[in-house]
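Here the structure comes first, spelled out in structure tokens, and everything after it is commentary.
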Amino acid sequence: MTVWLILHMLGVVLFLGNIITAAFWKLRAEATRKPEIVHHAVKNVMLADFVFTIPGLVLVTVSGIIMAHEGNLFSSGFNWLIMSVILFGITGIIWSAVLLPLQRAMIRLSEDGIHTGELSPAFRLASRRWDYFGIVSTLVPVAVLILMIAKGF
């Protein structure tokens, strides 16, 4: 097993592990209906993205490119690797264009909820959107993981 493969697997664990557990903790916090707890959770979801998701993304991307180059996999036409790169890119677009702005809005709106004593309809709308796009941006990397393991075509 090469060092690049080990780094690649570590990146996958950091990346997928964080996006799955972040959603879990956000949902658990929202179940309390306490703005202070929700605010703390959504702030820490954002922090965890910078501490775990982004380093995982960097490890997956850099090690994956190096291993694909070493294996001459980019020159073999459309295959599991190209499909994986496209899907991974879609996840990145969803995360940067939709989820990050929603996270910022949820932080701001949950802070407002601390002052009013309740989470606003605007917060709940942002949260539902984050849940929906978060599911999509979690299932797509899971599909990439399956493609990476199966290497079906």
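Taking the stated definitions as given, is VAL85 of a type in the set (Val, Ile, Thr) and over 19 Å from PHE133 (Cβ atoms)?
For VAL85, the condition - of a type in the set (Val, Ile, Thr) and over 19 Å from PHE133 (Cβ atoms) - is met.
Mind counting the residues in the stretch 3-43 that are open to solvent by 60 Å² or more (accessible area, probe 1.4 Å), of a type outside the set (A, V, I, L, M) and either over 25 Å from LEU145 (Cβ atoms) or in contact with a Ser or Thr (Cβ under 9 Å, 6 or more places away or on another chain) (or both)?
Final tally of qualifying residues: 6.
Return only the number of the condition from (1) over 22 Å from HIS40 (Cβ atoms); (2) open to solvent by less than 70 Å² (accessible area, probe 1.4 Å) that ILE135 does not satisfy.
(2)
When the residues of the stretch 88-114 are filtered to those that are surrounded by 15 or more Cβ atoms within 10 Å (Cβ to Cβ) and polar (S, T, N, Q), which remaining residue is nearest to THR61 (Cα to Cα)?
Per the stated criteria, the residue is THR91.
Since ARG128 meets every condition but one in (1) in contact (Cβ under 8 Å) with a residue 24 or more places away in the chain; (2) surrounded by fewer than 18 Cβ atoms within 10 Å (Cβ to Cβ), which condition does it not meet?
Condition not satisfied by ARG128: (1).
Of the numbered conditions (1) within 20 Å of LEU100 (Cβ to Cβ); (2) within 15 Å of the chain's Cα centre (by Cα), VAL13 satisfies every one except a single condition; which is it?
Failed condition: (1).
Out of all the residues in the stretch 61-76, which are without any contact (Cβ under 8 Å) to a residue 24 or more places away in the chain and either under 14 Å from LYS151 (Cβ atoms) or open to solvent by less than 40 Å² (accessible area, probe 1.4 Å) (or both)?
Within the stretch 61-76, ALA68, GLY71, LEU73, SER76 meet the criteria.
Would you mind stating whether THR53 is crowded, with 18+ Cβ neighbours inside 10 Å and among the hydroxyl-bearing types (Ser, Thr, Tyr)?
It is true that THR53 is crowded, with 18+ Cβ neighbours inside 10 Å and among the hydroxyl-bearing types (Ser, Thr, Tyr).
Kindly establish whether ALA48 is closer than 19 Å to ILE114 by Cα, of a type in the set (Gly, Ala, Ser) and crowded, with 16+ Cβ neighbours inside 10 Å.
Criteria not met by ALA48.
The values are calculated or read from the model by the stated rules, or taken from the named source; none is laboratory data. Every value quoted in this text rests on a predicted model; they were computed, and no experiment measured them. We place every Cβ from the backbone using ideal geometry, glycine too, and count neighbours over all the protein chains shown. With ligands, DNA and RNA removed, areas are computed over all heavy atoms of the protein, side chains included. Shrake-Rupley method; radii C 1.70, N 1.55, O 1.52, S 1.80 Å.
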